[in-house]
Amino acid sequence: MTGLPTRAGGASSAAGDAFENAEHSQERQQYLTFLIGKEVFGIGILRIKEIIEFAELTVVPMMPHCVRGVINLRGAVVPVLDLATRFGHQPAIPSRRTCIVIIEVQSGEDATQDLGVIVDSVNEVIEIPDTEIAPVPSFGTRIPEGFIEGMGKVAGKFVILLNVDRVLSTDDIVGVASRMSGAAEALAA
């Protein structure tokens, strides 16, 4: 006998506690994954409000190039951004798999703003353990470094995890939101 107290099944209490602590210390985050071009991206699932089929957008003049227009989402005017354009690529060409992902973004201290982003297709919701998220590489990506939260390792491939608050920065949101309120008034008239 080792002198260690045992639990049912013969495992020692100390070993069992260590196993339980290791299990709880490995946090897992859920991400919605989607494609832009051939690259797989992910956004934390808690920021996603819904996914809708791509539909006709109302184009608003004098918007930044990445703002493709607005949609009416249950009576609310929601700006829609093209992530491909935001990342410096050619504008997305809608296909039958193209979706608009509605994301809730911070637009101030206590305020939030819903924004739609155009993606080529939505893949799935996946769980990635914190231990499988690598830091942002210092080179090798075609999008600004601050836009990336980390690189998730899934089945031997990488998922680029986006920092939504940087990709859709407060400055951009405030600028878009103020322009959208004018657009909402014009649409209501």
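The values are calculated or read from the model by the stated rules, or taken from the named source; none is laboratory data. Note that the structure is a prediction, hence the values are computed from the model and not measured. Don't worry about glycine lacking a Cβ; one is built from the backbone with ideal geometry, like all the others, and counts go over all protein chains shown. In case anyone asks, the SASA skips ligands and DNA or RNA and just uses the protein heavy atoms, side chains included. Shrake-Rupley method; radii C 1.70, N 1.55, O 1.52, S 1.80 Å.
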Quiz prompt | Hey, Glu124 touching a residue at least 60 places away in the same chain (Cβ under 8 Å), open to solvent by 40 Å² or more (accessible area, probe 1.4 Å) and closer than 18 Å to Gly42 by Cα or not | solution = yes
Quiz item: Do the conditions hold for Glu109, that is, is it free of Cβ contacts under 8 Å to residues at least 12 places away in the same chain, farther than 19 Å from Ile51 by Cβ and outside any helix (DSSP H, G or I)?
Solution: yes
Quiz prompt | Options Val154, Val167; residue that is open to solvent by less than 40 Å² (accessible area, probe 1.4 Å) and either at pLDDT 60 or above or of a type in the set (D, E, K, R) (or both) | solution = Val167
Exercise. Please find, within segment 71-93, the residue that is least open to solvent (accessible area, probe 1.4 Å) out of those that are touching a Cys at 6+ places or on another chain (Cβ under 6 Å) and not in a strand (DSSP E or B).
Key: Thr85
Practice problem: Please enumerate the residues belonging to segment 85-110 that are at pLDDT below 90 and of a type in the set (A, V, I, L, M, F, W, C). | Solution: Phe87, Ala92, Val105
Quiz item: Just one of the numbered conditions (1) at pLDDT 80 or above; (2) surrounded by 14 or more Cβ atoms within 10 Å (Cβ to Cβ); (3) closer than 19 Å to Leu35 by Cβ; (4) among the polar types (S, T, N, Q) is not true of Gln113; which one?
Solution: (3)
Quiz item: Could you count how many residues in segment 94-105 are open to solvent by 70 Å² or more (accessible area, probe 1.4 Å) and in contact with a helix residue (DSSP H, G or I) (Cβ under 6 Å, 6 or more places away or on another chain)?
Solution: 0
